[in-house]
Amino acid sequence: DGGITQSPKYLFRKEGQNVTLSCEQNLNHDAMYWYRQDPGQGLRLIYYSQIVNDFQKGDIAEGYSVSREKKESFPLTVTSAQKNPTAFYLCASRRGQGFPGELFFGEGSRLTVL
Amino acid sequence: KQEVTQIPAALSVPEGENLVLNCSFTDSAIYNLQWFRQDPGKGLTSLLLIQSSQREQTSGRLNASLDKSSGRSTLYIAASQPGDSATYLCAVQGNMLTFGGGTRLMVKP
(Lines give C-alpha, C1' and ligand atoms only; values in the text may rest on other atoms or scores of the structure.)
Protein backbone atom coordinates (compact mmCIF):
# COMPACT_ATOMS: atom_id res chain seq x y z
CA ASP A 1 0.00 0.00 0.00
CA GLY A 2 1.26 3.45 -0.86
CA GLY A 3 1.57 5.96 1.89
CA ILE A 4 3.68 8.03 4.25
CA THR A 5 5.45 6.46 7.21
CA GLN A 6 6.63 8.53 10.14
CA SER A 7 8.79 7.16 12.91
CA PRO A 8 9.03 7.02 15.79
CA LYS A 9 5.42 7.57 16.85
CA TYR A 10 6.51 8.76 20.31
CA LEU A 11 9.86 10.24 21.24
CA PHE A 12 11.23 11.60 24.50
CA ARG A 13 14.21 13.90 24.57
CA LYS A 14 16.29 15.46 27.25
CA GLU A 15 16.99 19.16 27.01
CA GLY A 16 20.09 19.87 24.92
CA GLN A 17 19.75 16.80 22.72
CA ASN A 18 19.16 16.76 19.00
CA VAL A 19 16.59 14.29 17.69
CA THR A 20 15.69 13.22 14.16
CA LEU A 21 12.19 12.34 13.00
CA SER A 22 11.90 10.08 10.00
CA CYS A 23 9.47 10.53 7.10
CA GLU A 24 9.38 8.08 4.20
CA GLN A 25 6.89 7.99 1.31
CA ASN A 26 6.37 5.48 -1.49
CA LEU A 27 3.88 7.58 -3.43
CA ASN A 28 6.50 8.85 -5.89
CA HIS A 29 5.69 12.40 -4.79
CA ASP A 30 8.11 15.21 -5.50
CA ALA A 31 6.99 17.61 -2.77
CA MET A 32 7.32 16.89 0.95
CA TYR A 33 6.44 19.01 3.98
CA TRP A 34 6.94 19.16 7.73
CA TYR A 35 4.30 20.73 9.96
CA ARG A 36 4.11 21.30 13.67
CA GLN A 37 0.79 21.11 15.50
CA ASP A 38 0.22 22.60 18.94
CA PRO A 39 -3.10 22.68 20.81
CA GLY A 40 -5.11 25.74 19.84
CA GLN A 41 -2.61 26.88 17.18
CA GLY A 42 -3.38 24.77 14.13
CA LEU A 43 -0.72 23.56 11.72
CA ARG A 44 2.42 25.58 11.12
CA LEU A 45 4.86 24.91 8.29
CA ILE A 46 8.45 24.18 9.32
CA TYR A 47 10.20 23.21 6.08
CA TYR A 48 9.23 21.99 2.64
CA SER A 49 10.98 20.46 -0.35
CA GLN A 50 9.78 20.52 -3.93
CA ILE A 51 12.58 18.40 -5.34
CA VAL A 52 15.54 16.29 -4.27
CA ASN A 53 18.51 18.25 -2.88
CA ASP A 54 16.43 21.40 -2.44
CA PHE A 55 14.34 22.65 0.48
CA GLN A 56 12.88 25.90 1.75
CA LYS A 57 12.15 27.35 5.18
CA GLY A 58 8.57 27.63 6.26
CA ASP A 59 7.06 29.92 8.87
CA ILE A 60 8.81 28.46 11.93
CA ALA A 61 12.13 26.98 10.71
CA GLU A 62 14.32 28.26 13.56
CA GLY A 63 15.76 25.40 15.60
CA TYR A 64 15.02 22.79 12.92
CA SER A 65 16.99 21.32 10.02
CA VAL A 66 16.12 18.99 7.15
CA SER A 67 17.72 17.12 4.28
CA ARG A 68 16.36 15.72 1.02
CA GLU A 69 18.96 13.33 -0.37
CA LYS A 70 16.39 10.89 -1.72
CA LYS A 71 12.97 11.47 -3.24
CA GLU A 72 11.37 9.08 -0.75
CA SER A 73 12.86 10.55 2.41
CA PHE A 74 12.63 13.90 4.21
CA PRO A 75 13.99 13.63 7.78
CA LEU A 76 13.54 16.47 10.26
CA THR A 77 16.10 17.20 12.97
CA VAL A 78 14.93 19.08 16.04
CA THR A 79 18.03 20.74 17.41
CA SER A 80 18.85 21.95 20.90
CA ALA A 81 18.31 25.49 19.57
CA GLN A 82 14.56 24.89 19.37
CA LYS A 83 13.28 26.48 22.58
CA ASN A 84 9.94 24.72 22.84
CA PRO A 85 10.13 21.46 20.88
CA THR A 86 7.37 19.54 22.63
CA ALA A 87 4.70 19.15 19.94
CA PHE A 88 3.05 16.84 17.44
CA TYR A 89 4.98 16.73 14.13
CA LEU A 90 3.30 15.86 10.85
CA CYS A 91 4.92 15.00 7.53
CA ALA A 92 3.03 15.39 4.26
CA SER A 93 3.64 14.89 0.57
CA ARG A 94 2.06 15.47 -2.80
CA ARG A 95 2.75 15.37 -6.50
CA GLY A 96 4.87 18.48 -7.00
CA GLN A 97 5.01 18.93 -10.76
CA GLY A 98 2.68 21.49 -12.24
CA PHE A 99 -0.76 21.98 -10.70
CA PRO A 100 -0.85 21.50 -6.88
CA GLY A 101 -2.59 18.24 -6.11
CA GLU A 102 -3.99 16.39 -3.14
CA LEU A 103 -1.94 16.50 0.05
CA PHE A 104 -1.37 13.31 2.04
CA PHE A 105 -0.22 13.07 5.65
CA GLY A 106 1.59 10.55 7.79
CA GLU A 107 0.37 9.45 11.21
CA GLY A 108 2.55 11.92 13.08
CA SER A 109 5.32 11.83 15.68
CA ARG A 110 4.82 13.16 19.18
CA LEU A 111 7.97 14.65 20.71
CA THR A 112 8.16 15.33 24.42
CA VAL A 113 11.08 17.11 26.06
CA LEU A 114 11.72 15.96 29.59
CA LYS B 1 -1.85 37.14 3.20
CA GLN B 2 -4.48 34.39 3.02
CA GLU B 3 -6.54 33.88 6.17
CA VAL B 4 -8.72 30.81 6.63
CA THR B 5 -11.43 30.68 9.29
CA GLN B 6 -13.56 27.77 10.39
CA ILE B 7 -16.72 28.39 12.34
CA PRO B 8 -17.84 26.99 14.70
CA ALA B 9 -14.73 25.86 16.55
CA ALA B 10 -16.73 23.06 18.17
CA LEU B 11 -20.05 21.41 17.44
CA SER B 12 -22.07 18.75 19.24
CA VAL B 13 -25.04 17.09 17.53
CA PRO B 14 -27.23 14.03 18.09
CA GLU B 15 -26.74 11.01 15.88
CA GLY B 16 -28.63 11.10 12.59
CA GLU B 17 -28.57 14.86 12.15
CA ASN B 18 -27.42 16.45 8.90
CA LEU B 19 -24.81 19.11 9.52
CA VAL B 20 -22.74 21.76 7.76
CA LEU B 21 -19.20 22.84 8.57
CA ASN B 22 -18.00 26.17 7.27
CA CYS B 23 -14.66 27.38 5.91
CA SER B 24 -14.07 30.94 4.77
CA PHE B 25 -10.99 32.45 3.13
CA THR B 26 -9.95 36.00 2.32
CA ASP B 27 -8.11 35.64 -1.02
CA SER B 28 -10.12 34.08 -3.85
CA ALA B 29 -7.02 33.46 -6.03
CA ILE B 30 -6.77 29.78 -5.16
CA TYR B 31 -5.87 26.57 -6.96
CA ASN B 32 -7.90 24.23 -4.80
CA LEU B 33 -9.40 23.61 -1.37
CA GLN B 34 -9.04 20.39 0.58
CA TRP B 35 -11.03 19.04 3.54
CA PHE B 36 -9.35 16.77 6.10
CA ARG B 37 -10.41 14.75 9.10
CA GLN B 38 -8.16 14.33 12.14
CA ASP B 39 -8.79 11.87 14.96
CA PRO B 40 -7.13 12.54 18.34
CA GLY B 41 -3.40 11.83 18.24
CA LYS B 42 -3.49 10.89 14.57
CA GLY B 43 -2.48 12.38 11.25
CA LEU B 44 -4.80 14.10 8.81
CA THR B 45 -6.92 12.03 6.46
CA SER B 46 -7.91 13.62 3.16
CA LEU B 47 -11.67 13.68 2.63
CA LEU B 48 -12.28 15.78 -0.46
CA LEU B 49 -10.29 18.00 -2.82
CA ILE B 50 -12.12 20.66 -4.83
CA GLN B 51 -10.29 22.28 -7.72
CA SER B 52 -10.84 26.01 -8.25
CA SER B 53 -12.85 25.31 -11.41
CA GLN B 54 -15.25 22.97 -9.57
CA ARG B 55 -18.32 23.83 -7.50
CA GLU B 56 -18.59 20.66 -5.45
CA GLN B 57 -17.29 17.18 -4.74
CA THR B 58 -19.06 14.22 -3.18
CA SER B 59 -17.84 11.12 -1.39
CA GLY B 60 -20.41 8.91 0.29
CA ARG B 61 -22.23 10.93 2.95
CA LEU B 62 -19.90 13.89 2.46
CA ASN B 63 -20.45 16.78 0.07
CA ALA B 64 -18.12 19.75 -0.18
CA SER B 65 -18.97 22.92 -2.05
CA LEU B 66 -16.79 25.82 -3.13
CA ASP B 67 -17.80 29.41 -3.89
CA LYS B 68 -14.60 31.24 -4.79
CA SER B 69 -16.24 34.60 -5.35
CA SER B 70 -17.59 34.72 -1.80
CA GLY B 71 -14.55 32.99 -0.29
CA ARG B 72 -16.53 30.13 1.21
CA SER B 73 -16.59 26.37 1.31
CA THR B 74 -18.96 24.09 3.17
CA LEU B 75 -18.67 20.45 4.15
CA TYR B 76 -22.06 18.78 4.41
CA ILE B 77 -22.29 15.55 6.41
CA ALA B 78 -25.51 13.59 5.95
CA ALA B 79 -27.01 11.34 8.60
CA SER B 80 -24.16 11.86 11.08
CA GLN B 81 -22.83 8.91 13.08
CA PRO B 82 -20.77 8.69 16.30
CA GLY B 83 -17.85 7.52 14.12
CA ASP B 84 -17.87 10.93 12.43
CA SER B 85 -16.64 12.50 15.68
CA ALA B 86 -13.29 14.12 14.89
CA THR B 87 -11.73 17.46 14.04
CA TYR B 88 -12.36 18.67 10.50
CA LEU B 89 -9.87 21.02 8.85
CA CYS B 90 -9.95 22.86 5.56
CA ALA B 91 -6.82 23.93 3.68
CA VAL B 92 -6.71 26.49 0.90
CA GLN B 93 -4.01 26.30 -1.77
CA GLY B 94 -2.98 29.64 -3.21
CA ASN B 95 0.66 30.65 -3.53
CA MET B 96 1.01 28.89 -0.19
CA LEU B 97 -1.12 26.32 1.57
CA THR B 98 -3.10 27.80 4.47
CA PHE B 99 -5.00 25.74 7.05
CA GLY B 100 -8.03 26.75 9.05
CA GLY B 101 -8.12 26.18 12.79
CA GLY B 102 -10.56 23.28 12.50
CA THR B 103 -14.02 22.38 13.78
CA ARG B 104 -14.18 19.78 16.53
CA LEU B 105 -17.28 17.65 15.93
CA MET B 106 -18.91 15.36 18.44
CA VAL B 107 -21.83 13.16 17.37
CA LYS B 108 -23.68 11.78 20.36
CA PRO B 109 -25.42 8.38 20.21
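Extension gain, A:SER7-A:SER22: 0.36 nm per intervening residue step, less the Cα-Cα distance, totals 4.9 nm. Dipole check for the protein assembly as shown: with +1 at the C-beta of Lys and Arg, -1 at the C-beta of Asp and Glu, and the Cα centre as origin, the magnitude is about 280 Debye.
Count Lys and Arg as plus one, Asp and Glu as minus one, and take only other residues whose Cβ is under 13 Å from that of B:GLY83; the net charge is then 0. Considering only Cα atoms, the convex hull volume of chain B works out to 90 Å³ per residue. For the protein assembly as shown, a Kirkwood hydrodynamic radius built from all Cα pairs, placed in the Stokes-Einstein relation at 4 °C and 1.567 mPa s, yields a translational diffusion coefficient of 72 µm²/s.
Give the relative contact order (percent, whole number) for segment A:35-114; include only Cα pairs under 8 Å separated by 6+ residues. For segment A:35-114, the relative contact order is 23 percent. Can you tell me how segment A:4-114 classifies by the Cα gyration tensor, rounded, prolate or oblate, using a/c under 1.5 as the rounded cut? The shape class here is prolate. One chain, two ends: B:LYS42 and B:GLU15. Fully extended at 0.36 nm per residue, the span grows by 7.4 nm beyond their Cα-Cα distance. If you roll a 1.4 Å probe over segment A:36-114 with all protein chains in place, what percent of the accessible area is carbon or sulfur? Percent of accessible area from carbon and sulfur atoms in segment A:36-114: 48.
Could you tell me whether segment A:72-114 comes out rounded, prolate or oblate from its Cα gyration tensor? Rule is a ≥ b ≥ c as square roots of the eigenvalues, rounded for a/c under 1.5, then prolate if a/b exceeds b/c, otherwise oblate. Prolate.
The charge dipole of segment B:1-82, taken about its Cα centre with unit charges on the Cβ of Lys, Arg, Asp and Glu (plus for the first two, minus for the last two), comes to roughly 160 debye.
Taking Cβ atoms as reference points and 13 Å as the exclusive limit, the residues near B:ASN63 contribute a net charge of +1, counting Lys and Arg as +1 and Asp and Glu as -1.
Between B:LEU75, B:LEU11, B:LEU48, the Gaussian network model of chain B with springs among Cα atoms under 10 angstrom shows the greatest mean-square fluctuation at B:LEU11. For segment A:1-77, trypsin sites (Lys or Arg not before Pro) meeting the loop criterion (DSSP other than H, G, I, E, B) and having at most 11 other Cβ atoms within 10 Å: A:LYS9, A:LYS14.
The values are calculated or read from the model by the stated rules, or taken from the named source; none is laboratory data. For clarity, every value in this text was computed on a predicted model and none was experimentally measured. Please note: Cβ atoms are built from the backbone with ideal geometry, for glycine as well, and neighbour counts cover all protein chains shown. Note: accessible area is taken over every heavy atom of the protein model, side chains too, but ligands, DNA and RNA are not part of it. Shrake-Rupley method; radii C 1.70, N 1.55, O 1.52, S 1.80 Å.
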